[in-house]
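The values are calculated or read from the model by the stated rules, or taken from the named source; none is laboratory data. It should be emphasised that the depicted structure is a prediction, and the values quoted were computed from it without experimental measurement. Glycine gets a Cβ as well: all are built from the backbone with ideal geometry, and neighbour counts include every protein chain shown. To get the accessible areas, we keep the full protein, side chains included, count just its heavy atoms, and leave off ligands, DNA and RNA. Shrake-Rupley method; radii C 1.70, N 1.55, O 1.52, S 1.80 Å.
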Amino acid sequence: MVKEVGLTNLKNLYSDELEAFLANLGAERFRAAQLVEWLYGRGIQSFSEMTNLPVALRSRLAEVAFISRLKKLAEAKGEDGTIKYLFALEDGQAIETVRMKYRYGHAVCVSTQVGCRMACRFCASTIGGLIRNLEPAEMLDQVLAVNGELAPLGQRVGRVVLMGSGEPLDNYEAVLRFIRLLNLARGLNIGYRHITLSTSGVAPGIIRLAGEGLPITLAVSLHAPNNELRDYLMPINRRYPLEELLPACHDYADRTGRRVTFEYTLIRGVNDSPREARELVRLLSGHLAHVNLIPLNPVKEREFQPTSPEGVRRFARLLGEGGIPATIRRELGGDIDAACGQLRRKVLAEARLGDLKDATDAEPK
Ligand code: SAH
(Lines give C-alpha, C1' and ligand atoms only; values in the text may rest on other atoms or scores of the structure.)
Protein backbone atom coordinates (compact mmCIF):
# COMPACT_ATOMS: atom_id res chain seq x y z
CA MET A 1 0.00 0.00 0.00
CA VAL A 2 2.70 2.40 -1.02
CA LYS A 3 0.79 5.61 -1.36
CA GLU A 4 -1.03 5.23 1.95
CA VAL A 5 1.91 4.56 4.23
CA GLY A 6 1.25 6.53 7.38
CA LEU A 7 -2.04 7.89 6.09
CA THR A 8 -5.25 7.18 7.98
CA ASN A 9 -8.10 5.45 6.23
CA LEU A 10 -11.01 7.41 7.67
CA LYS A 11 -13.49 4.62 7.03
CA ASN A 12 -11.75 2.57 9.74
CA LEU A 13 -12.78 5.06 12.43
CA TYR A 14 -15.80 5.24 14.72
CA SER A 15 -17.47 8.65 14.99
CA ASP A 16 -15.80 9.54 18.29
CA GLU A 17 -12.41 8.57 16.87
CA LEU A 18 -13.08 10.68 13.82
CA GLU A 19 -13.94 13.59 16.10
CA ALA A 20 -10.67 13.14 17.97
CA PHE A 21 -8.79 12.89 14.69
CA LEU A 22 -10.34 16.14 13.51
CA ALA A 23 -9.72 17.82 16.85
CA ASN A 24 -6.03 16.99 16.38
CA LEU A 25 -6.14 18.87 13.12
CA GLY A 26 -7.75 21.80 14.89
CA ALA A 27 -11.18 21.23 13.34
CA GLU A 28 -14.57 21.37 15.09
CA ARG A 29 -16.33 18.21 16.21
CA PHE A 30 -19.35 18.70 13.98
CA ARG A 31 -17.11 18.25 10.97
CA ALA A 32 -17.06 14.53 11.78
CA ALA A 33 -20.74 14.17 10.91
CA GLN A 34 -20.14 16.00 7.63
CA LEU A 35 -17.26 13.70 6.82
CA VAL A 36 -19.34 10.61 7.56
CA GLU A 37 -22.01 11.82 5.18
CA TRP A 38 -19.46 12.36 2.43
CA LEU A 39 -17.66 9.08 2.99
CA TYR A 40 -20.67 6.80 3.28
CA GLY A 41 -23.70 8.61 2.00
CA ARG A 42 -22.35 10.11 -1.15
CA GLY A 43 -19.43 7.76 -1.72
CA ILE A 44 -17.13 10.51 -2.96
CA GLN A 45 -13.52 9.76 -3.73
CA SER A 46 -11.50 12.85 -2.85
CA PHE A 47 -11.38 15.49 -0.13
CA SER A 48 -11.61 18.24 -2.71
CA GLU A 49 -15.21 17.20 -3.39
CA MET A 50 -16.22 17.85 0.24
CA THR A 51 -17.57 21.26 -0.56
CA ASN A 52 -18.99 22.11 2.86
CA LEU A 53 -15.59 21.70 4.55
CA PRO A 54 -13.19 24.66 4.72
CA VAL A 55 -10.56 24.50 2.00
CA ALA A 56 -7.74 24.51 4.55
CA LEU A 57 -9.22 21.46 6.32
CA ARG A 58 -9.62 19.65 3.01
CA SER A 59 -5.98 20.10 2.11
CA ARG A 60 -4.87 19.17 5.65
CA LEU A 61 -6.95 15.98 5.43
CA ALA A 62 -5.37 15.11 2.11
CA GLU A 63 -1.96 15.25 3.81
CA VAL A 64 -2.80 12.90 6.68
CA ALA A 65 -5.66 10.73 5.47
CA PHE A 66 -6.90 8.96 2.39
CA ILE A 67 -10.16 7.61 1.04
CA SER A 68 -9.83 3.98 0.02
CA ARG A 69 -11.58 2.65 -3.01
CA LEU A 70 -12.04 -0.62 -4.83
CA LYS A 71 -11.34 -1.12 -8.47
CA LYS A 72 -13.65 -3.43 -10.37
CA LEU A 73 -11.63 -6.09 -12.18
CA ALA A 74 -14.42 -8.32 -13.39
CA GLU A 75 -18.08 -9.07 -12.93
CA ALA A 76 -20.34 -12.00 -13.72
CA LYS A 77 -24.12 -11.67 -13.96
CA GLY A 78 -26.43 -14.56 -13.15
CA GLU A 79 -29.87 -15.12 -14.60
CA ASP A 80 -31.49 -14.62 -11.20
CA GLY A 81 -30.12 -11.07 -10.84
CA THR A 82 -27.12 -12.12 -8.76
CA ILE A 83 -23.95 -10.26 -9.70
CA LYS A 84 -20.54 -11.31 -8.57
CA TYR A 85 -17.77 -8.73 -8.56
CA LEU A 86 -14.05 -9.16 -8.39
CA PHE A 87 -12.53 -6.06 -6.82
CA ALA A 88 -8.90 -5.03 -6.47
CA LEU A 89 -7.84 -3.54 -3.14
CA GLU A 90 -5.37 -0.66 -2.86
CA ASP A 91 -2.48 -3.14 -2.61
CA GLY A 92 -3.60 -5.05 -5.71
CA GLN A 93 -5.02 -8.09 -3.89
CA ALA A 94 -8.33 -9.30 -5.31
CA ILE A 95 -11.53 -10.08 -3.40
CA GLU A 96 -15.01 -11.20 -4.33
CA THR A 97 -18.26 -9.50 -3.44
CA VAL A 98 -21.69 -10.77 -4.42
CA ARG A 99 -24.81 -8.70 -4.89
CA MET A 100 -28.06 -10.59 -4.49
CA LYS A 101 -31.66 -9.60 -4.93
CA TYR A 102 -34.22 -10.61 -2.39
CA ARG A 103 -37.87 -9.85 -2.22
CA TYR A 104 -37.54 -6.49 -0.52
CA GLY A 105 -34.24 -5.22 -1.79
CA HIS A 106 -30.57 -5.91 -2.27
CA ALA A 107 -28.15 -7.86 -0.13
CA VAL A 108 -24.38 -7.90 -0.35
CA CYS A 109 -22.22 -10.89 0.48
CA VAL A 110 -18.97 -9.47 1.81
CA SER A 111 -15.51 -11.03 1.98
CA THR A 112 -13.67 -10.63 5.29
CA GLN A 113 -10.21 -11.90 4.34
CA VAL A 114 -8.13 -12.33 1.20
CA GLY A 115 -8.13 -16.11 0.98
CA CYS A 116 -8.86 -18.20 4.07
CA ARG A 117 -6.99 -20.61 6.32
CA MET A 118 -9.89 -22.84 7.35
CA ALA A 119 -9.13 -25.43 4.63
CA CYS A 120 -12.71 -26.68 4.17
CA ARG A 121 -12.46 -29.46 1.66
CA PHE A 122 -15.29 -28.32 -0.66
CA CYS A 123 -14.46 -24.60 -0.74
CA ALA A 124 -12.49 -22.65 -3.34
CA SER A 125 -11.60 -19.64 -1.14
CA THR A 126 -9.15 -21.57 0.93
CA ILE A 127 -7.13 -23.20 -1.83
CA GLY A 128 -4.28 -20.68 -1.71
CA GLY A 129 -4.49 -20.27 2.08
CA LEU A 130 -4.88 -16.98 3.92
CA ILE A 131 -3.18 -14.00 2.28
CA ARG A 132 -4.27 -11.30 4.72
CA ASN A 133 -7.09 -9.92 6.81
CA LEU A 134 -9.28 -7.17 5.42
CA GLU A 135 -9.58 -3.88 7.25
CA PRO A 136 -13.03 -2.62 8.27
CA ALA A 137 -12.80 0.03 5.55
CA GLU A 138 -12.14 -2.64 2.93
CA MET A 139 -15.31 -4.46 3.99
CA LEU A 140 -17.30 -1.21 3.98
CA ASP A 141 -15.91 -0.41 0.54
CA GLN A 142 -17.55 -3.57 -0.81
CA VAL A 143 -20.94 -2.32 0.35
CA LEU A 144 -20.19 1.20 -0.89
CA ALA A 145 -19.16 -0.11 -4.31
CA VAL A 146 -22.46 -1.98 -4.65
CA ASN A 147 -24.35 1.10 -3.47
CA GLY A 148 -22.54 2.98 -6.22
CA GLU A 149 -23.82 0.46 -8.77
CA LEU A 150 -27.36 0.74 -7.40
CA ALA A 151 -27.43 4.54 -7.17
CA PRO A 152 -28.56 5.12 -10.78
CA LEU A 153 -31.58 2.91 -9.98
CA GLY A 154 -32.34 4.98 -6.91
CA GLN A 155 -31.72 1.91 -4.73
CA ARG A 156 -29.29 0.86 -2.04
CA VAL A 157 -28.11 -2.13 -0.08
CA GLY A 158 -30.48 -3.21 2.70
CA ARG A 159 -28.84 -6.35 4.01
CA VAL A 160 -25.29 -7.54 4.51
CA VAL A 161 -24.14 -11.13 4.90
CA LEU A 162 -20.60 -11.94 5.96
CA MET A 163 -20.44 -15.05 3.83
CA GLY A 164 -17.88 -14.23 1.20
CA SER A 165 -14.29 -15.41 1.28
CA GLY A 166 -12.62 -15.65 4.65
CA GLU A 167 -13.55 -16.62 8.19
CA PRO A 168 -15.06 -13.59 9.94
CA LEU A 169 -14.23 -14.81 13.44
CA ASP A 170 -10.59 -15.27 12.40
CA ASN A 171 -10.51 -11.48 11.84
CA TYR A 172 -12.63 -10.67 14.88
CA GLU A 173 -11.70 -7.07 15.78
CA ALA A 174 -11.93 -5.74 12.24
CA VAL A 175 -15.17 -7.58 11.56
CA LEU A 176 -16.84 -6.25 14.71
CA ARG A 177 -15.75 -2.74 13.84
CA PHE A 178 -17.12 -3.21 10.32
CA ILE A 179 -20.48 -4.37 11.70
CA ARG A 180 -20.74 -1.38 14.03
CA LEU A 181 -19.71 1.00 11.25
CA LEU A 182 -22.39 -0.47 8.96
CA ASN A 183 -24.91 0.63 11.55
CA LEU A 184 -23.84 4.32 11.66
CA ALA A 185 -27.03 6.33 11.32
CA ARG A 186 -25.47 9.00 9.13
CA GLY A 187 -23.49 6.37 7.29
CA LEU A 188 -24.84 3.20 5.72
CA ASN A 189 -27.50 2.86 8.43
CA ILE A 190 -27.93 -0.90 8.09
CA GLY A 191 -29.82 -2.38 11.04
CA TYR A 192 -28.16 -5.15 13.03
CA ARG A 193 -31.12 -7.40 12.31
CA HIS A 194 -30.26 -7.09 8.64
CA ILE A 195 -26.74 -8.40 9.16
CA THR A 196 -25.77 -12.08 9.17
CA LEU A 197 -22.37 -13.42 10.15
CA SER A 198 -21.45 -16.89 8.96
CA THR A 199 -18.72 -18.89 10.66
CA SER A 200 -17.08 -22.24 10.04
CA GLY A 201 -17.35 -22.83 13.79
CA VAL A 202 -14.76 -20.87 15.75
CA ALA A 203 -16.36 -21.65 19.13
CA PRO A 204 -14.54 -19.06 21.30
CA GLY A 205 -15.39 -16.37 18.74
CA ILE A 206 -19.07 -17.32 18.94
CA ILE A 207 -19.02 -17.01 22.73
CA ARG A 208 -17.31 -13.66 22.50
CA LEU A 209 -19.79 -12.46 19.88
CA ALA A 210 -22.72 -13.43 22.12
CA GLY A 211 -21.36 -10.98 24.68
CA GLU A 212 -21.26 -8.01 22.29
CA GLY A 213 -24.97 -7.30 22.62
CA LEU A 214 -25.51 -6.99 18.88
CA PRO A 215 -28.73 -8.52 17.56
CA ILE A 216 -27.15 -9.84 14.37
CA THR A 217 -27.99 -13.26 12.97
CA LEU A 218 -25.44 -16.01 13.49
CA ALA A 219 -25.08 -18.65 10.82
CA VAL A 220 -22.89 -21.67 11.46
CA SER A 221 -21.56 -23.83 8.65
CA LEU A 222 -22.25 -27.28 10.03
CA HIS A 223 -22.25 -29.52 6.95
CA ALA A 224 -21.99 -32.73 9.00
CA PRO A 225 -23.88 -34.23 11.95
CA ASN A 226 -20.93 -36.01 13.59
CA ASN A 227 -17.28 -35.35 14.36
CA GLU A 228 -15.89 -38.01 12.08
CA LEU A 229 -17.48 -36.56 8.97
CA ARG A 230 -17.00 -32.96 10.07
CA ASP A 231 -13.30 -33.57 10.80
CA TYR A 232 -12.97 -34.79 7.24
CA LEU A 233 -14.85 -31.90 5.60
CA MET A 234 -13.80 -29.06 7.89
CA PRO A 235 -10.45 -29.26 9.70
CA ILE A 236 -11.60 -26.54 12.15
CA ASN A 237 -13.69 -29.28 13.75
CA ARG A 238 -10.54 -30.96 15.06
CA ARG A 239 -9.87 -27.80 17.03
CA TYR A 240 -13.47 -27.12 18.10
CA PRO A 241 -15.44 -30.36 17.85
CA LEU A 242 -19.23 -30.53 17.98
CA GLU A 243 -19.34 -30.95 21.75
CA GLU A 244 -17.70 -27.53 22.00
CA LEU A 245 -19.28 -25.85 18.98
CA LEU A 246 -22.92 -26.67 19.71
CA PRO A 247 -22.95 -25.41 23.30
CA ALA A 248 -21.42 -22.17 22.01
CA CYS A 249 -24.24 -21.87 19.44
CA HIS A 250 -26.91 -22.63 22.03
CA ASP A 251 -25.33 -20.08 24.34
CA TYR A 252 -25.55 -17.54 21.52
CA ALA A 253 -29.25 -18.32 21.02
CA ASP A 254 -29.95 -18.13 24.76
CA ARG A 255 -28.13 -14.88 25.33
CA THR A 256 -29.37 -13.05 22.23
CA GLY A 257 -32.80 -14.67 21.91
CA ARG A 258 -32.00 -15.13 18.25
CA ARG A 259 -32.39 -18.38 16.39
CA VAL A 260 -29.11 -19.72 15.02
CA THR A 261 -29.04 -20.81 11.38
CA PHE A 262 -27.10 -23.96 10.63
CA GLU A 263 -25.93 -24.15 7.07
CA TYR A 264 -25.70 -27.60 5.60
CA THR A 265 -24.25 -27.96 2.13
CA LEU A 266 -25.45 -31.22 0.63
CA ILE A 267 -22.70 -33.20 -1.07
CA ARG A 268 -23.69 -36.28 -3.02
CA GLY A 269 -22.83 -39.53 -1.27
CA VAL A 270 -20.89 -37.72 1.47
CA ASN A 271 -23.34 -36.13 3.94
CA ASP A 272 -26.76 -36.48 2.31
CA SER A 273 -28.15 -39.88 3.33
CA PRO A 274 -31.25 -40.40 5.52
CA ARG A 275 -28.91 -41.60 8.26
CA GLU A 276 -27.21 -38.20 8.36
CA ALA A 277 -30.57 -36.42 8.30
CA ARG A 278 -31.70 -38.40 11.37
CA GLU A 279 -28.40 -37.79 13.09
CA LEU A 280 -28.80 -34.07 12.47
CA VAL A 281 -32.29 -34.16 13.98
CA ARG A 282 -30.89 -35.78 17.13
CA LEU A 283 -28.07 -33.25 17.28
CA LEU A 284 -30.27 -30.15 17.07
CA SER A 285 -33.46 -31.29 18.81
CA GLY A 286 -34.63 -29.08 21.62
CA HIS A 287 -32.73 -26.00 20.53
CA LEU A 288 -33.62 -22.69 18.91
CA ALA A 289 -32.21 -23.65 15.53
CA HIS A 290 -32.99 -23.62 11.87
CA VAL A 291 -31.27 -25.53 9.07
CA ASN A 292 -30.53 -23.97 5.71
CA LEU A 293 -29.86 -26.64 3.10
CA ILE A 294 -27.61 -25.57 0.25
CA PRO A 295 -26.95 -27.72 -2.78
CA LEU A 296 -23.18 -27.84 -3.28
CA ASN A 297 -21.77 -25.51 -5.89
CA PRO A 298 -19.28 -27.77 -7.66
CA VAL A 299 -15.76 -26.33 -7.59
CA LYS A 300 -13.44 -27.24 -10.43
CA GLU A 301 -10.51 -28.07 -8.17
CA ARG A 302 -12.61 -30.23 -5.83
CA GLU A 303 -13.94 -33.73 -6.38
CA PHE A 304 -17.41 -33.27 -4.84
CA GLN A 305 -20.76 -33.27 -6.61
CA PRO A 306 -24.09 -31.78 -5.48
CA THR A 307 -26.98 -33.85 -4.16
CA SER A 308 -29.85 -34.20 -6.65
CA PRO A 309 -32.88 -31.92 -6.19
CA GLU A 310 -34.94 -34.96 -5.06
CA GLY A 311 -32.22 -35.85 -2.58
CA VAL A 312 -32.27 -32.31 -1.20
CA ARG A 313 -36.07 -32.43 -0.79
CA ARG A 314 -35.89 -35.84 0.90
CA PHE A 315 -33.28 -34.54 3.36
CA ALA A 316 -35.44 -31.48 4.09
CA ARG A 317 -38.50 -33.68 4.63
CA LEU A 318 -36.67 -35.89 7.12
CA LEU A 319 -35.56 -32.84 9.11
CA GLY A 320 -39.11 -31.48 9.08
CA GLU A 321 -40.51 -34.82 10.28
CA GLY A 322 -37.97 -34.71 13.09
CA GLY A 323 -39.22 -31.27 14.14
CA ILE A 324 -36.25 -29.28 12.86
CA PRO A 325 -37.27 -26.28 10.75
CA ALA A 326 -35.42 -26.45 7.45
CA THR A 327 -35.39 -24.41 4.28
CA ILE A 328 -33.76 -25.10 0.96
CA ARG A 329 -31.73 -22.16 -0.17
CA ARG A 330 -32.57 -20.89 -3.57
CA GLU A 331 -29.39 -21.50 -5.48
CA LEU A 332 -28.33 -17.94 -6.05
CA GLY A 333 -25.74 -17.48 -8.70
CA GLY A 334 -25.18 -21.17 -9.43
CA ASP A 335 -24.55 -20.27 -13.05
CA ILE A 336 -21.83 -17.74 -12.25
CA ASP A 337 -19.53 -19.71 -9.97
CA ALA A 338 -20.92 -17.80 -7.00
CA ALA A 339 -19.56 -20.18 -4.39
CA CYS A 340 -16.80 -18.69 -2.29
CA GLY A 341 -13.62 -17.93 -4.10
CA GLN A 342 -14.48 -19.31 -7.49
CA LEU A 343 -14.43 -16.12 -9.54
CA ARG A 344 -11.19 -15.01 -7.92
CA ARG A 345 -9.53 -18.30 -8.78
CA LYS A 346 -10.84 -18.21 -12.30
CA VAL A 347 -9.69 -14.66 -12.98
CA LEU A 348 -6.33 -15.20 -11.31
CA ALA A 349 -5.82 -18.30 -13.45
CA GLU A 350 -6.73 -16.36 -16.56
CA ALA A 351 -4.43 -13.53 -15.51
CA ARG A 352 -1.59 -16.00 -15.30
CA LEU A 353 -2.40 -16.90 -18.88
CA GLY A 354 -1.98 -13.26 -19.66
CA ASP A 355 -5.47 -12.42 -20.82
CA LEU A 356 -6.93 -10.60 -17.84
CA LYS A 357 -8.83 -7.74 -19.28
CA ASP A 358 -9.68 -4.86 -17.08
CA ALA A 359 -13.41 -5.35 -17.22
CA THR A 360 -13.81 -1.80 -16.18
CA ASP A 361 -13.99 1.65 -16.61
CA ALA A 362 -13.51 0.65 -13.17
CA GLU A 363 -14.47 2.78 -10.40
CA PRO A 364 -17.63 2.39 -8.43
CA LYS A 365 -19.63 5.35 -9.65
N1 SAH B 1 -15.98 -18.86 6.65
C2 SAH B 1 -17.38 -18.64 6.85
C3 SAH B 1 -18.04 -17.77 5.81
C4 SAH B 1 -17.70 -17.98 4.37
S5 SAH B 1 -18.30 -19.36 3.50
C6 SAH B 1 -18.10 -19.97 6.95
O7 SAH B 1 -17.48 -20.99 6.77
O8 SAH B 1 -19.29 -19.97 7.26
C9 SAH B 1 -20.02 -19.15 3.27
C10 SAH B 1 -20.74 -20.48 3.12
O11 SAH B 1 -20.52 -21.10 1.85
C12 SAH B 1 -20.31 -21.51 4.16
O13 SAH B 1 -21.42 -22.17 4.67
C14 SAH B 1 -19.45 -22.45 3.32
O15 SAH B 1 -19.32 -23.68 3.95
C16 SAH B 1 -20.23 -22.48 2.03
N17 SAH B 1 -19.50 -22.98 0.87
C18 SAH B 1 -18.20 -22.91 0.58
N19 SAH B 1 -17.93 -23.52 -0.59
C20 SAH B 1 -19.11 -23.98 -1.06
C21 SAH B 1 -19.49 -24.70 -2.23
N22 SAH B 1 -18.59 -25.06 -3.13
N23 SAH B 1 -20.80 -24.98 -2.38
C24 SAH B 1 -21.71 -24.61 -1.46
N25 SAH B 1 -21.42 -23.94 -0.35
C26 SAH B 1 -20.12 -23.63 -0.13
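Observations
- Under 9 Å, Cβ to Cβ, from L22 - net charge with Lys/Arg +1 and Asp/Glu -1: 0
- All other residues whose Cβ lies under 14 angstrom from that of R317 are scored, Lys and Arg at +1 and Asp and Glu at -1, for a net of -1.
- Area accessible to solvent at D254, 1.4 Å probe radius, in Å²: 130 Å²
- Among the lysines of segment 71-354, pairs at least eight places apart or on separate chains and with Cα atoms under 16 Å apart come to 8.
- In plain terms, the chain from K300 to H287 could stretch by 1.0 nm, reckoned as 0.36 nm per residue minus the Cα-Cα distance.
- HN-Hα J in Hz across segment 74-87 - Karplus 6.51, -1.76, 1.60, θ = phi - 60°, x for Gly and Pro: 7, 8, 10, 9, x, 5, 8, x, 6, 10, 10, 10, 10, 10
- Distance between modelled label sites at R314 and K77, nm, 7 Å Cα→Cβ extension: 3.9 nm
- Apportionment of accessible area to carbon and sulfur, the chain, percent (1.4 Å): 50 percent
- Point-charge dipole on Cβ atoms (K/R +1, D/E -1) for segment 1-132, about Cα centre, debye to 20: 400 debye
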